[in-house]
Amino acid sequence: MDKVVGFIGLGAMGSKMVAHLPADTHRILFDLDTERAQAIAKGLSGAVSVATTLDEFAKAQVVILMLPDSAVVDAVALGQAASPGLIHRLAPGSLLIDMSSSDPMRSQALAARAAECGIAFLDAPVSGGTVGAEKATLAIMVGGEAPDVERARGLLRCMGSQVTHVGGHGAGHALKGLNNLLAATIFAATSEVFAAGERFGLDPAVMHQVINASSGGSFVTNTIWPRSVLPKTWNFGFALGLMHKDVGIGMSLVRAAGAEARLLEESAALWDEAKKQAASNADLSDYARLMMSKMP
Ligand code: NAD
């Protein structure tokens, strides 16, 4: 296994994922929020350093990105003429793994640019939320060349219970976008069903108990509802804006495929509306709150 591993993006997910990297690796951490990176580094055992510039990744054999979206990933990885990005600073032969939920077409372009610099690239997005990140039970879907996937498998297995090679560059990000489009659609439908049940006079806790044990149950009722919607804490730990981004990625794939998608189109329109109505820092679970606030 590679012994010098960089990790960039220590937010809701990255901060928990990095804790599972082996203690016998030298981990180099970076986040725009340096204080946050330093606090996370303090909680890790073994060799850990906090980088203040991308040059400090020159000795990394593998660098993992867990950033908001492709725009940020490209800014970090490609940089600009005046300030070249990570692929120009890593040593040839190193491996860049984008575990963010990024745009598959942009990931394919990034893989090609990385290859020109002798850097291998994998897209390896995750599913399972902050709970999966904390428990290292994420489902990880990997796109890229088979030898690179095998090289990364040991590290990825530290953070997830399932690592699946799903295709070439971009395939992981494509599957992640489609998965989240499906999850968002189930979330929207669940919100409407609970709002209708409440209007009828059903107790939401009783509805949840029954639906979660019945055919209408899902990750949404199993995990999101009890953690953030029923107790009205609205803090699932996944930004509504990030889910909206994923719905957009999924829909562009669906539209490009020319697939029949009346329900998905309606779902995407609902998420557009929610994004406009929600606060900029809204949590995914705020979608259900918005739905309930529409009740008379
Ligand atoms: P987040 O916003 O909590 O964290 C992003 C981190 O990236 C922040 O700490 C931010 O400071 C840092 N960052 C932003 N720009 C940077 C830059 N230029 N250089 C260095 N650091 C920078 O997001 P998150 O919830 O951890 O999500 C990360 C990715 O994982 C997203 O693509 C998201 O869609 C995906 N994802 C999230 C969840 C979830 O439940 N939160 C689940 C699965 C996948």
Within segment 102-158, the residues that are within 16 Å of the ligand (Cβ to nearest atom) and among the β-branched types (Val, Ile, Thr) are Val126, Thr130, Val131, Thr137, Ile140, Val142
If we keep only residues of segment 22-37 that are more than 13 Å from the ligand (Cβ to nearest atom) and more than 16 Å from Met66 (Cα to Cα), then the residue least open to solvent (accessible area, probe 1.4 Å) is Thr25
Taking segment 270-284 and keeping only residues that are under 25 Å from Gly170 (Cα atoms) and open to solvent by 40 Å² or more (accessible area, probe 1.4 Å), one is left with Asp272
Residues in segment 250-285 that are hydrophobic (A, V, I, L, M, F, W, C) and in a helix (DSSP H, G or I) total 12
Considering segment 3-21, residues that are more than 10 Å from the ligand (Cβ to nearest atom) and out of contact with any helix residue (DSSP H, G or I) (no Cβ under 7 Å at 6 or more places or on another chain), and then whichever is nearest to Ile40 (Cα to Cα), we arrive at Ala19
Scanning for something farther than 26 Å from His173 by Cα and either surrounded by 18 or more Cβ atoms within 10 Å (Cβ to Cβ) or not β-branched (Val, Ile, Thr) (or both), does segment 256-266 turn up at least one residue? no
Selection from segment 225-243 of residues more than 10 Å from the ligand (Cβ to nearest atom) and in a helix (DSSP H, G or I) yields Trp225, Pro226, Arg227, Ser228, Val229, Leu240
Selection over segment 185-213 where residues are free of Cβ contacts under 8 Å to residues at least 12 places away in the same chain and farther than 29 Å from Met251 by Cα yields a count of 9
When restricted to Ala152, Ala174, the only residue over 14 Å from the mean Cα position of the chain (by Cα) and in a helix (DSSP H, G or I) is Ala152
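The values are calculated or read from the model by the stated rules, or taken from the named source; none is laboratory data. Keep in mind it's a predicted model, so treat the numbers as computed, not measured. Note that each Cβ is placed from the backbone with ideal geometry, even for glycine, and that neighbours are counted across all protein chains shown. The accessibility values were calculated without ligands, DNA or RNA, using every heavy atom of the protein model including side chains. Shrake-Rupley method; radii C 1.70, N 1.55, O 1.52, S 1.80 Å.
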